[in-house]
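Participant: Just dropping this structure here.
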Amino acid sequence: MGKRFYATLKKDMKIAWREYFFHVTLITAAIFCLVLKFIVPYTFENISFFIYLEEGALPFSVEGFDSEFTSGNLTFVDSREELVDRVGKKPESYGAVISKGDEYPEIELVLQGYENNKFRNLIELQIERGLSEFLKGNFFYKSDYQVKILNPQYGSNPISYSDIMLPLFIVMESSFIGYFLIAVLLFMEKEQRMHTAFLVSPGRTVEHLLSKALVMLVLGLISAFGTVIFLRGFDFNPLYLLMFLIVSSFFGSSLGLLIGSFFDSLSKSMLWVMASMAVLVIPVISYVYPPFSPLWVKVIPTYTMIYAAGEALLDSGGTVFYRYLSLILMEGLGIFVLAHIFFKRALLRKN
Amino acid sequence: MIKVYNLKYSYDKKKNAVDNISFHVEKGEVFGFLGPNGAGKSTTQKILTGLLPVQDGEAFVAGMKVKGQKSEFFNRIGVSFEIANAYDKLTGFENLKYYAGLFDVETFDCLELIKSVGLEDVKDMRVGNYSKGMKQRLIFARSMINYPEVWFLDEPVTGLDPSSSRDILDIIRKRNEEGATILLTTHNMAVAEELCHRIAFMNEGKIIAVDTPRNLRLKYGEKRVRIEYGENGNILSEDLSLESEEGRKRINDLVSSGKIETIHSEEATLEDIFIELTGRRLV
Ligand SMILES: Nc1ncnc2c1ncn2[C@@H]1O[C@H](COP(=O)(O)OP(=O)(O)OP(=O)(O)O)[C@@H](O)[C@H]1O
Ligand SMILES: [Mg+2]
């Protein structure tokens, strides 16, 4: 291995650099960061709060209160069931059930599941402010409220909008950078007829392919670490992120190697690249809108990857994380083996 | 060093691009492949270097069977392609460095190597900007990077200017003197005559004659003379065979007429012989 792999890697790095792969990676990451940081800052404006006010929960009667009505972004609903239902249907919404307590009213928050404590406090504050405005200051409640979480699979940590978007970026961009670019590298080699020169050398096909995958990993690391550090600072465990990227980028690259080996040119592969990308993006919908997560979506590898990326950023280090990783690794290995077979076969074609 | 038995190859299962050829190349020999376009020369080289599978027949290169060759095989051969191929985005020097890195055996110093083919001035230029001839010289240099024992050269000087072509031929000769066995495909008769110990004429997938250039000439070439003579104030010339009754008689007549200005013996070129054998021209 050693010397030969090094020579191959050096060549692939140079080509990737001269084909502007690094520039493209940085620019994409920068655009993502800027959009999240400055153009779509997280505000409460487009968020709805649903409130169910139990009869007699407040120690005074509310003038003009009629259950189903809206004030600002507060919507009052008729029952607790209805509230849970409506919060569940709208990803950017939260709810509060205000019921009669011994002394003060009790509050139960209904959350999506991806909010952290900081965020919960904000929501609490927001509801409180909304209610006091509505009730003209006559609102007190007990501070130890209950919380109902609709989607516990989110875990309990992530914070803002960018935290919700980060796992998506890390999967769709950092991990899948290789998917397209590595295929481009292979097509370029075919076009320059370099596969024949390679074939009559003692070069090993596995090294030839792995070197490209490693270049893609470097691109993925730059994009993921750059983005996470820019948006979140150093509040994450780099080891988890590294592990995640090694596995997920390998998956993306293997898929690219498969496409690049199977087809002769970029144009011939385009339809398949598009189609497979469309399928791989579906789990993003489930992530953003959890009620849509049928089994057939869950088996798409990106589904696991998005949640694993979430876990990696959460620093939870739970067994779920390792389970997700091993699953992705197995899938990646399977595809790599297949790609390797196709690559070797393709080498002997068109000579 | 190279042994080929009844090799056949067909790209389309209809026509044989290589049709049942057998030949041997001894150690230290330069063996030339000559033949018109589409004769199957490149196909033969591709089979022997493992670029195409052995469909039928058997072949051995450097004592190893041609089929599923391992890295040991590729460490010992060198291949220069008919169509120059290199990484366009790398410089000439980087291309050689990369390739040298793939070998387990001792390799040339890349700087020396690139100098030897006259590319020193453009060694740091990307190959994408090379001219066709520069690229060809580069891949020629690349093919010898591992001091190959068996060296396959598919038209190494086609399209090169005379001086570059001279350099390349000198390198080939030198490597051969150092012991390399060489299989050389060419359309250039002068090159074949100069370098090759033996030549195989190939046509339509078959080898139609194998011998030393001299023997081929002796065997197939007719001995002829060209005579120029003056008649009625004009200079006329005639090509006459020394081997036919008719030719010899005509020469006698001309000699006795006393009008001869010049007499040249005409040696048959390999090209003439090839045309005689196949009815086709070489190029
Ligand atoms: N990749 C290919 N697919 C199908 N047929 C091919 C292929 N390569 C060569 N052939 C056919 O095989 C035959 C022999 O071709 P080959 O390239 O070996 O000839 P050659 O002797 O090297 O000719 P040239 O002097 O033009 O280089 C030709 O009829 C050609 O059309
Ligand atoms: Mg040829």
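Participant: Given the options B:Ala39, B:Leu169, B:Ile199, identify the residue whose Cα lies farthest towards the positive end of the charge dipole of chain B (+1 on Cβ of Lys, Arg; -1 on Cβ of Asp, Glu).
Facilitator: Among B:Ala39, B:Leu169, B:Ile199, the one farthest towards the positive end of the dipole of chain B is B:Ala39.
Participant: Also, quick follow-up: R0 = 22 Å: FRET efficiency of B:Val105 with B:Lys27, Cβ-based, nearest 0.05?
Facilitator: That pair, B:Val105 with B:Lys27, gives E of 0.75.
Participant: Seen from all sides and averaged, what is the projected area of the convex hull of the Cα atoms in the protein assembly as shown, in nm²? Display every interim value, and only then the final one.
Facilitator: Details: hull surface 163.7 nm².
The Cα convex hull of the protein assembly as shown, projected and averaged over all directions, gives 40.9 nm².
Participant: Ranked highest first by average number of other Cβ atoms within 10 Å, how do B:47-60, A:268-281 line up? Don't skip to the answer; put the middle values down first.
Facilitator: Working: B:47-60: 18.6, A:268-281: 13.9.
Descending mean neighbour count gives B:47-60, A:268-281.
Participant: Could you work out how far apart the two model spin labels at B:Ser237 and A:Ile300 are, taking each label as a point 7 Å from the Cα in the direction of the beta carbon, and quote it in nm?
Facilitator: Placing both labels 7 Å beyond Cα along the Cβ direction yields 8.0 nm.
Participant: Now for a different question. Would you pull out the residues with amide H under 5 Å of B:Phe33's amide H, same chain only if 5 or more places away, H placed 1.01 Å from N?
Facilitator: Residues meeting the amide H criterion: B:Leu184, B:Thr185, B:Thr186, B:Ala200.
Participant: Same structure again: Taking beta carbons within 10 Å but only from partner chains, what does the mean come to for residues A:195-208?
Facilitator: On the way: counts 2, 7, 14, 4, 7, 14, 15, 14, 7, 2, 0, 0, 1, 1.
Per-residue shielding by partner chains comes out at 6.
Participant: Is any residue of the range B:83-125 close enough, with backbone N under 14 Å, to a label point placed 7 angstrom from the Cα of B:Tyr11 along the Cα-Cβ axis, and if so, which?
Facilitator: B:83
Participant: Averaged across the residues of B:103-114, what count of C-beta atoms belonging to other chains lies within 10 Å of each residue's C-beta? Display every interim value, and only then the final one.
Facilitator: On the way: counts 6, 3, 1, 0, 0, 0, 0, 0, 0, 0, 0, 0.
Mean partner-chain Cβ count within 10 Å for B:103-114: 1.
Participant: Compute the distance in nm between two label points, each set 7 Å from the Cα along the Cα-to-Cβ direction, one at A:Ser326 and one at B:Arg226.
Facilitator: 8.5 nm
Participant: I'd like the Karplus ³J(HN,Hα) series for the range B:241-257: coefficients 6.51, -1.76, 1.60, θ = phi - 60°, whole numbers in Hz, and an x wherever there's a Gly or Pro.
Facilitator: Per-residue couplings from phi come out as 8, 7, 9, 9, 3, 4, x, 4, 5, 5, 4, 4, 4, 5, 4, 6, 5 Hz.
Participant: Continuing with the same structure: Roughly how crowded by other chains is peptide B:84-91, in terms of the mean Cβ count from those chains within 10 Å of each of its Cβ atoms?
Facilitator: Working: counts 3, 9, 4, 10, 6, 9, 5, 1.
Taking all residues of B:84-91 together, the mean is 6.
Participant: How far apart, in nm, are the 7 Å Cα→Cβ label points at B:Asn37 and B:Asp124?
Facilitator: Each label point lies 7 Å from its Cα, and together they span 4.1 nm.
Participant: While we're here: Summing -39500 (n - 2.57) over the DSSP H runs of n ≥ 4 in the protein assembly as shown and dividing by its residue number, what mean residue ellipticity at 222 nm do you reach, to the nearest 500 deg cm²/dmol? Don't jump to the answer; show the numbers that get you there.
Facilitator: Values: 23 runs with 308 residues, N = 634.
The helix-only estimate for the protein assembly as shown comes to -15500 deg cm²/dmol at 222 nm.
Participant: Take every DSSP beta bridge with both residues inside chain B and express the antiparallel ones as a percent of the total, to the nearest 5. Don't jump to the answer; show the numbers that get you there.
Facilitator: On the way: 32 of 50 bridges.
Looking only at bridges with both residues in chain B, the antiparallel portion is about 65 percent.
Participant: Looking at chain B as a GNM with Cα springs under 10 Å, which of B:Ile83, B:Ile21, B:Ile172 has the largest mean-square fluctuation?
Facilitator: Judging by the Gaussian network model, the answer is B:Ile83.
Participant: Now, a different point. Taking the Cα centre of the protein assembly as shown as origin, work out the dipole magnitude from +1 charges on Lys and Arg Cβ and -1 charges on Asp and Glu Cβ, in debye rounded to 20. It would help to have the intermediate numbers written out before the result.
Facilitator: On the way: 69 positive and 76 negative charges, 385 e Å.
With only Lys, Arg, Asp and Glu charged at Cβ, the dipole is about 1840 debye.
Participant: Another one. In whole angstrom, note down how far apart the Cα centers of the range B:135-149 and the range A:239-284 are.
Facilitator: The range B:135-149 and the range A:239-284 have Cα centres separated by 36 Å.
Participant: Could you compute the FRET efficiency for A:Ala278 and B:Thr158, with r as their C-beta to C-beta distance and R0 at 51 Å, rounded to 0.05? Show your work: numbers first, answer last.
Facilitator: Working: r = 48 Å, r/R0 = 0.95.
Efficiency at R0 = 51 Å is approximately 0.60.
Participant: Right, something else. How about A:Lys11: which lysines have a C-alpha closer than 17 Å to its C-alpha, ignoring those fewer than 8 places off in the same chain?
Facilitator: A:Lys3, A:Lys190, A:Lys212, B:Lys89, B:Lys97, B:Lys123
Participant: To continue, here is another question. Given Cβ point charges of +1 (Lys, Arg) and -1 (Asp, Glu) and nothing else, what value in debye, to the nearest 20, does the dipole of the range B:29-171 about its Cα centre take?
Facilitator: Roughly 380 debye, rounded to the nearest 20.
Participant: Using r as the Cβ-Cβ distance of B:Ser244 and B:Ser131, and R0 as 60 Å, what FRET efficiency do you calculate, to the nearest 0.05? Could you put the intermediate results ahead of the total?
Facilitator: Details: r = 49 Å, r/R0 = 0.82.
Given R0 = 60 Å and the Cβ-Cβ separation, E is 0.75.
We did not get these values from a lab; they are worked out from the coordinates using the rules stated. All of these numbers come straight from a predicted model, not from anything done at the bench. Virtual Cβ from ideal backbone geometry, glycine too; neighbours counted across all protein chains shown.
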